[in-house]
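Notes follow the structure.
The values are calculated or read from the model by the stated rules, or taken from the named source; none is laboratory data. The shown structure was predicted, so the numbers you read here are calculated from the model rather than taken from an experiment. Using ideal geometry, Cβ is built from the backbone for each residue, glycine included, and neighbour counts are taken over all protein chains shown. Note: accessible area is taken over every heavy atom of the protein model, side chains too, but ligands, DNA and RNA are not part of it. Shrake-Rupley method; radii C 1.70, N 1.55, O 1.52, S 1.80 Å.
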Amino acid sequence: MNFESLSLPKTMLRSIEAVGYHEPTPIQEQTIPHVLKGSDVVGCAQTGTGKTAAFALPTLQRLLETANRPTTGAGQRRKRSHRRVIRSLILSPTRELAAQIGASLVTYGTFTGLKYTVIFGGVKQHAQVKALNSGVDILVATPGRLLDLMGQGFVHLENVEILILDEADQMLDMGFIDDVRRIVRQCPKKRQTLFFSATMPEAINSLAAWTLYKPMEISIGLRVSPADTVEHALYPVDAMG
């Protein structure tokens, strides 16, 4: 299988060709068609298997397809002002991963005309607020900084069409699950949700069940296996009396 067979538009195929991609990885091959159909997806695969392209490529296409549709309710503000609003939110547990996702969007979306920005903590917010105020189609964010800017009135999620949670198990490990739930509640109930995790412990399964609607479940490799780069060691010691 090649990327052309996945029904991606020529604009993205040009970007894919420019970075030297030839064949989709298993997670991309199985995920992209379902995302393009509008289905919710739970994808379980280790880091480094191509999950970012699996959700970024079809998300870009779907946003292009819905860009000119009439809006209702809160979305009417977009129609009247012609200002870009956040139509896709990608949550990431760390600033490093958020930056990587942002760089991937720049690569894959070179010829789409869509705008994206990345926000995370640990830096001053001025540049991030300036980018938000100029209008973006896709926002990549870490939960803490996102909630901070939402509280200040700089981020509004009522127009989100596609919500993506990446590396959900890391969010659990870092204590972000309650923050994620708060953020999800601010998104429209009628949306597409994509959920990716390297492992699926019970708490993550519960979050997925709460967040998604009749999702397609895609699993690549063992659901509880660690990454190949993780080494395990056992050191027997004497019991202390």
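From the list 16, 101, the one residue that fits, being at pLDDT 85 or above and farther than 18 Å from residue 168 by Cα, is 16.
Note on segment 119-201: enclosed strands (runs of 3 or more DSSP E) holding 1 or more residues that are among the polar types (S, T, N, Q) and at pLDDT 95 or above are 192-197. Taking the criterion of being touching a residue at least 12 places away in the same chain (Cβ under 8 Å) and open to solvent by 10 Å² or more (accessible area, probe 1.4 Å), the residues of segment 52-66 that qualify are 52, 61, 62, 64, 66.
Considering segment 114-138, the residues that are touching an Asp or Glu at 6+ places or on another chain (Cβ under 9 Å) and farther than 18 Å from residue 152 by Cβ include one that is most open to solvent (accessible area, probe 1.4 Å), namely 115. Across segment 11-35, what is the number of residues that are assigned to a helix (DSSP H, G or I) and of a type in the set (Asp, Glu)? Selection size over segment 11-35: 2. The set of residues in segment 19-28 being at pLDDT below 85 and not aromatic (Phe, Trp, Tyr) consists of 19, 20, 22. Restricting attention to segment 82-101 and to residues that are open to solvent by 10 Å² or more (accessible area, probe 1.4 Å) and assigned to a helix (DSSP H, G or I), the residue that is nearest to residue 179 (Cα to Cα) turns out to be 95.
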